[in-house]
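For reference, the structure is listed below as structure tokens.
The values are calculated or read from the model by the stated rules, or taken from the named source; none is laboratory data. All values derive from a computational prediction rather than experimental measurement. FYI the Cβ positions are ideal-geometry reconstructions off the backbone, even for glycines, and counts take in every protein chain you see. Please note that ligands, DNA and RNA were not included when accessible areas were found on the heavy atoms of the full protein model with its side chains. Shrake-Rupley method; radii C 1.70, N 1.55, O 1.52, S 1.80 Å.
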Amino acid sequence: MMKPIKKLLPLVVSLVTLLVLAGCNKGLADKNVAEIVQSDQKIIWGVKNDTRLFGMINIKTGAIEGFDIDIAKAITKEILGDENKAEFVEVTSKTRIPLLKNGNIDAIIATMTITDERKKQVDFSQVYFDAGQSLLVKKGSDIQSVADLDSSTTVLAVKGSTSVVNIKKAAPEAKVLEFENYAECFTALKSGQGDAMTTDNSILLGLQTDNPGYELTGGNFTNEPYGIAINKGQTEFLAQVNKALDTLHENGTYDKIYNKWFPNLKEAE
Ligand code: GLU
């Protein structure tokens, strides 16, 4: 008769293999900062690619540009000493938490609101930007605020965003159509699939700037404080990110980046 230990051997071997493979997939967050610097590791940031002012591909250069990108580079420089160690991976509102949890990215910096619901899945840095949800409509539209959204109106929003949850509360009668990303959502507004598009004022501002036929209306009806999301349990990495943000506020880098992207907005802090 086989000894119990021998019987268990194949199981033990496959378990060990699994653990080793899982280990290979570990992102930066499981290592301490000294190890990261030594191993020449990068920080892989999940960012938006279609959101003007925050994370947008420059079609001429292929580079991703925006406020979130500059903040990510500045934090990377604080932690790893070199902003070129920031690597960017595209996320959407729907894919960002799964990509973080799967270890494809080390952190999310992508117009992401800190919410209690999301805190069940990820940890957040301190607030690094204050936004609020608003509406974008075609100039001359009858819709001037959320109060005008009744059962005869359709509002366009993006899957996985707080905007969907909030608009259903603020305008329960209105029909809500959900899209994969902000580019698709705005295309739908332009083609008349809805009467208004809703998300953060900061995102809508980028669309309004590029498309003078459209305007923000009705002001903000929610608060959307943006945070950097990091996997639970990565306490040292989270502390480094928060410390880096403190430094950027202290040494003027944060203000420089803010004024570069939002020259006409007064900083909330
Ligand atoms: N800030 C909101 C959110 O986190 C809307 C912007 C977005 O979809 O990223 O859901």
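Taking the conditions exactly as written (within 11 Å of the ligand (Cβ to nearest atom) and open to solvent by 50 Å² or more (accessible area, probe 1.4 Å)), does Lys94 satisfy them or not? Break it down stepwise before answering.
Details: within 11 Å of the ligand (Cβ to nearest atom): yes; open to solvent by 50 Å² or more (accessible area, probe 1.4 Å): yes.
Answer is yes for this residue.
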Within segment 132-159, restricting to residues that are closer than 22 Å to Ser191 by Cβ and within 16 Å of the ligand (Cβ to nearest atom), the one that is surrounded by the most Cβ atoms within 10 Å (Cβ to Cβ) is Leu135
Checked against (1) open to solvent by 70 Å² or more (accessible area, probe 1.4 Å); (2) over 22 Å from Arg96 (Cα atoms); (3) in a helix (DSSP H, G or I), Gln208 satisfies every condition except (1)
When segment 224-236 is checked residue by residue, the ones that are among the polar types (S, T, N, Q) and either assigned to a strand (DSSP E or B) or near the ligand (Cβ under 10 Å from one of its atoms) (or both) are Asn231
Log entry, pairs with first residue in segment 45-59 being open to solvent by 40 Å² or more (accessible area, probe 1.4 Å), second being within 11 Å of the ligand (Cβ to nearest atom) and not small (Gly, Ala, Ser), beta carbons closer than 9 Å, six or more apart or on different chains, reads Arg52/Tyr182; Arg52/Ile203; Met56/Lys48; Met56/Asp50; Ile57/Asp50
Of the candidates Gly213, Gly206, the one satisfying the condition of being more than 11 Å from the ligand (Cβ to nearest atom), under 23 Å from Thr95 (Cα atoms) and touching a residue at least 40 places away in the same chain (Cβ under 8 Å) is Gly206
Within segment 46-68, residues under 11 Å from the mean Cα position of the chain (by Cα) and over 15 Å from Ala244 (Cα atoms) come out as Gly46, Val47, Lys48, Asn49, Thr51, Phe54, Gly55
